[in-house]
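What follows is one structure encoded as C-alpha cells, with my remarks underneath.
The values are calculated or read from the model by the stated rules, or taken from the named source; none is laboratory data. It should be emphasised that the depicted structure is a prediction, and the values quoted were computed from it without experimental measurement. We place every Cβ from the backbone using ideal geometry, glycine too, and count neighbours over all the protein chains shown. With ligands, DNA and RNA removed, areas are computed over all heavy atoms of the protein, side chains included. Shrake-Rupley method; radii C 1.70, N 1.55, O 1.52, S 1.80 Å.
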Amino acid sequence: MRQRFLLYMASALLTLPLMAAGVNNPSANFKVSQPTMVPGATLQPGSYSIHVLDHLQDRFIMRIDQAGSASHETFIGVPAAYLKSASTGSGAASWEAAPEGKAAMRGFTFGAGGTAIEFGYPKDDAVALAKLNGTKVLAIDPASEGKPAQVSSLSK
C-alpha cells in the first residue's frame, strides 16, 4: 500500500510541471493558404501548430510544427501588445508586404486578449520586410555577436 502511495505521489509530482507548462506556454493551430515566411523558413500551404517552448520576461522561444510532418521551425519572438490591438482576436498577424510575392507572418496572438508575440527575423529578411512595409522589423543577427549565423549549426 505504501509503495502504491509513493508511486502515485511521484507521478503527480512529475506531472505537475507539465501541467503548469501548458498554462504559461500557450499553443494554437493555424492554416496558411499560400507560401508564408516565418523567421528562417517559408511555410507551404497547410495546417500548422505554434507553441511557446520557453520564455523570459522579454523574449519567447517559439516553435512551428507542420501537421503530419516531423519538420519544425524554432525562433525567437518578443511580447507585442500592439499586435493585440491590430488583431481581431487570436491567430497570425501578417506583414502587408513580403519579398518574392509571398506572405509573411509578423507574429501571433494566442486567444482573444491573450499573449501577443512579434517574431524576430534574420537580419537580411528583416531589412527586406522593413523596406517593403516602411516600418521597423525586429532583427536577429547572430553573426554580429561572433555566433554562427545558421541555427542548424548551433549545438543542442
Would the range 28-39 turn up any residue that is open to solvent by 60 Å² or more (accessible area, probe 1.4 Å), touching a strand residue (DSSP E or B) at 6+ places or on another chain (Cβ under 7 Å), part of a strand (DSSP E or B) and in contact (Cβ under 8 Å) with a residue 12 or more places away in the chain? yes
Out of G107, G101, I need the residue that is at pLDDT 80 or above and in contact with a strand residue (DSSP E or B) (Cβ under 7 Å, 6 or more places away or on another chain). Which one? G107
Only one of these conditions is not met by F119: (1) within 20 Å of G46 (Cβ to Cβ); (2) modelled with pLDDT under 90. Which number is it? (2)
Consider the range 34-46. How many of its residues are of a type in the set (S, T, N, Q) and more than 15 Å from the chain's Cα centre (by Cα)? 2
